[in-house]
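Taking it in order: structure first as structure tokens, then the write-up.
The values are calculated or read from the model by the stated rules, or taken from the named source; none is laboratory data. Everything numeric here is computed off the predicted structure, so don't read it as measured data. We place every Cβ from the backbone using ideal geometry, glycine too, and count neighbours over all the protein chains shown. Ligands, DNA and RNA are stripped out before the accessible areas are found, and what is left, the full protein with its side chains, is counted by its heavy atoms. Shrake-Rupley method; radii C 1.70, N 1.55, O 1.52, S 1.80 Å.
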Amino acid sequence: MAAREPKIVSSRATAEGSASPQGMSRRDAVKWMTLAWIGFAAAVGAGATAMLRFLFPNVLFEPPTVFKAGPPSDYALGVDERWKEKYGVWIVRNTAEIYSLIAVCVHLGCTPNWLAAQNKFKCPCHGSGYYISGINFEGPAPRALERAAISVSPDDGQLIVDKGQKFLFEQGQWTDPKAFVKVG
Ligand code: FES
């Protein structure tokens, strides 16, 4: 039986992609190098992104929850909207007390509007309506608006509103002394 002749591979064929003596063609080598570089670039990019997030964290700067709102004498009877935009509350005065309503609809969190002509708060999103007291009476809102803690500063007589402390009508919390300020 005749011995088999060894197969001769030309340098041209190797250069164009045939198998090299080590078992990998030049084309394969280029392909793997490209993939390696893509992987390296992706890793570097991910690392840089993580570093940027570390240096510039995704912090939401919200206004402080406690603020001074001026003396009670600054407030006439009715709904005062001067703090709505900055602190998200209304200050309401009636003949007996001052309280602070949080301007967030308890349905899905939209900001209601005070409609003075209709004497009610009305949510523009799905139509919930609230009396001046904050109690809901129409639309999908399942409960009353929340009230923020309010007090008079012993230092300068200004009202202090604290949105960090909330009082819920449904839980009988509106009678809490921190939920209103008595006025004559
Ligand atoms: S968010 Fe106010 S009614 Fe839906």
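Couple of notes before you dig in:
- Pairs from the table (68/182; 68/122; 68/120; 86/182) lying more than 23 angstrom apart at Cα are 68/122; 68/120; 86/182.
- Solvent-accessible heavy-atom area per residue, rounded to whole Å², over the stretch 45-184 at 1.4 Å: 57
- Rounded to whole Hz, the Karplus (6.51, -1.76, 1.60) HN-Hα couplings of the stretch 80-90, x for glycine and proline: 9, 9, 5, 9, 4, 6, 6, 10, x, 9, 9
- Peptides ranked, highest mean first, by Cβ atoms within 10 Å: ranges 157-169, 73-85: 157-169, 73-85
- FRET efficiency estimate (nearest 0.05) - Cβ-Cβ, residue 125 to residue 182, R0 25 angstrom: 0.15
- Here the 3J(HN,Hα) profile of the stretch 170-176, calculated from phi with Karplus coefficients 6.51, -1.76 and 1.60 at θ = phi - 60°, is 4, 9, x, 8, 6, 8, 4 Hz, Gly and Pro shown as x.
- Gain upon complete extension [residue 68, residue 108; 0.36 nm per residue less C-alpha separation]: 11.6 nm
- Of every Cα-Cα pair in the stretch 56-184, the percent that sits beyond 19 Å: 47
- With a simple spin-label model that places each label point 7 Å from the Cα along the Cα-to-Cβ direction, the separation between residue 43 and residue 152 comes to 6.9 nm.
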